[in-house]
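The values are calculated or read from the model by the stated rules, or taken from the named source; none is laboratory data. Predicted, not measured: the structure shown is a model, and the values here were computed from it. In this analysis, Cβ positions are derived from the backbone assuming ideal geometry, glycine residues included, and neighbour counts consider all displayed protein chains.
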Amino acid sequence: MGLRDTYAYAIQQSKGKFHGSAEERNGKLHFKGTVATEAEKNEIWTAIKTIPTWKDDVEADIQVTGGPAAATASATTYTVKAGDTLSKIAKEHLGNAGAYMKIFEANKDQLSDPDKIKPGQVLRIP
């Protein structure tokens with residue numbers, strides 16, 4: 001079992017937030033990349049630290065590109081209702097149903113598939 005297997009939980013937690021790589025080199029797992037907020041960085045570190053030997057196993061260079069203010073400054077939110085689709089929300093809020101991927105990209109922290117949204121989810125509208 002390699003380090004990627006050992007740290008599978010941390011790698012899974014970083015999906016959709018972390019823009020970079022987690023590569024195994026010279027007996028260590030190297031995380032190198034960026035995240036949008038300090039909270040996302042902390043979430044990845046918390047996942048890494050679930051393995052007691054993380055100090056010996058992991059080298060990480062995770063840079064924050066935005067900040068708490070950057071993430072929320074001009075963000076509009078929308079609460080999903082029954083029958084909504086990202087296309088419908090995009091047409092209503094962005095004026096173009098085809099812009100649904102912009103909403104998906106802005107919400108990758110909670111969406112894994114643009115066709116699967118649930119009533120009650122609060123989505124950021126870019």
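Going by what's in this entry, would Asn26 be described as under 16 Å from Gln63 (Cα atoms) and free of Cβ contacts under 8 Å to residues at least 12 places away in the same chain?
The answer is no for Asn26.
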Exercise for review: Test Thr34 against the criterion of being over 15 Å from the mean Cα position of the chain (by Cα) and in contact (Cβ under 8 Å) with a residue 24 or more places away in the chain, and give yes or no.
Suggested key: no
Study note, to complete from the structure: Only one of (1) of a type in the set (Ser, Thr, Tyr); (2) at pLDDT 90 or above; (3) within 21 Å of Asn107 (Cα to Cα) does not apply to Thr37, and that is (2)
Exercise for review: Select, from Ala22, Ala47, Ala97, the only residue that is under 15 Å from Ile125 (Cβ atoms) and touching a helix residue (DSSP H, G or I) at 6+ places or on another chain (Cβ under 7 Å).
Suggested key: Ala97
Practice item. Scan segment 79-108 for residues that are part of a loop (DSSP other than H, G, I, E, B), under 13 Å from the mean Cα position of the chain (by Cα) and surrounded by 15 or more Cβ atoms within 10 Å (Cβ to Cβ) and jot them down. Key: Asn107
**Study point:** Residue in segment 23-31 that is buried (at least 18 other Cβ atoms within 10 Å of the Cβ) and part of a strand (DSSP E or B) present
**Key:** yes
Review point. Are any of the residues in segment 38-46 among the aliphatic types (A, V, I, L, M), more than 21 Å from Thr6 (Cβ to Cβ) and surrounded by 12 or more Cβ atoms within 10 Å (Cβ to Cβ)?
Key: yes
Study note, to complete from the structure: In the set Ala82, Ala106, Ala90, Ala97, the lone residue that is touching a Lys or Arg at 6+ places or on another chain (Cβ under 6 Å) and more than 27 Å from Glu38 (Cβ to Cβ) is Ala97
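For residues that are closer than 18 Å to Asn107 by Cβ and not in a helix (DSSP H, G or I), scanning just segment 6-22, find the one that is farthest from the chain's Cα centre (by Cα). Reasoning before the result, please.
The initial filter retains those residues of segment 6-22 that are closer than 18 Å to Asn107 by Cβ, namely 12-19.
So of that shortlist, the ones also not in a helix (DSSP H, G or I) come out as 15-19.
On the way: Lys15: 6, Gly16: 3, Lys17: 2, Phe18: 6, His19: 9 Å.
It comes out as His19.
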Check your understanding: Would you call Ala60 touching a residue at least 12 places away in the same chain (Cβ under 8 Å), surrounded by fewer than 16 Cβ atoms within 10 Å (Cβ to Cβ) and either touching a Gly at 6+ places or on another chain (Cβ under 7 Å) or not in a loop (DSSP other than H, G, I, E, B) (or both)?
Key -> no
